[in-house]
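> One structure follows; several queries about it will come next.
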Amino acid sequence: MTLLSRTKEIAKKRGMSMESLANKVGISKSGIYQWDKHEPKPSTIQKVADVLHVSTDYLLGRTDEMNATTVETVKKADIDDDELLLSFQGKDVTPEYRDAIIAILRTMPDRDKDGNII
């Protein structure tokens with residue numbers, strides 16, 4: 001599976017359009033579709049992985065495990081994102097539960113890759 005196909009697949013699973021992904025990363029939608037012809041810069045791959053909450057190794061096809069084994073912190077920008085989509089067991093989370101979840105996430109301390117509170 002190519003970088004482009006993995007990116008499209010995980011974006012779809014996250015309920016994100018390629019245009020939305022491109023905007024969040026700061027690149028053009030057509031730029032993403034050029035990845036089959038021209039490999040993007042490592043910094044771009046990292047930004048895409050961060051937005052999609054997967055490892056760069058997953059995007060590059062080095063592993064089939066989507067997430068890194070280290071604890072990842074929830075970034076304030078991710079919580080405040082207007083396009084934050086939540087579902088549980090295939091059903092959409094109500095706006096009330098979404099707001100409650102976001103409130104809980106905001107109270108959590110940031111942690112480094114070893115799980116230590118920052």
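Computed from the coordinates by the stated procedures, all read-outs in this text should not be read as laboratory data. Every value quoted in this text rests on a predicted model; they were computed, and no experiment measured them. Neighbour counts are summed over all protein chains in view; Cβ atoms, including those assigned to glycine, are modelled from backbone coordinates with ideal geometry.
> For segment 13-67, what does the relative contact order come out to in percent, with C-alpha contacts under 8 Å and a separation of six or more?
Relative contact order here is 25 percent.
> While we're on this one: Note down the nm distance, to one decimal, between modelled labels 7 Å out along Cα→Cβ at SER5 and at ILE104.
Taking the two extended label points, one gets 3.7 nm.
> Compute the length gained on full extension between MET16 and GLU39: take 0.36 nm times their separation in residues and subtract their Cα-Cα distance, giving the result in nm to one decimal.
6.1 nm
> Sticking with this structure for a sec: Give me the number: length gained by fully extending VAL93 to ASP64, i.e. 0.36 nm times residue separation minus the C-alpha to C-alpha distance, one decimal in nm.
That works out to 7.7 nm of additional length.
> Evaluate the distance, in nm, between pseudo-label points positioned 7 Å from the Cα of LYS29 and of HIS53 along their respective Cα→Cβ axes.
Placing both labels 7 Å along Cα→Cβ, they lie 2.4 nm apart.
> If you don't mind, another one. Given the pairs LYS8/LYS29; LYS13/LYS91; LYS13/LYS37; LYS12/LYS91; LYS13/LYS41, which are separated by over 18 angstrom at their Cα positions?
LYS13/LYS37; LYS13/LYS41, as the Cα separations exceed 18 Å there.
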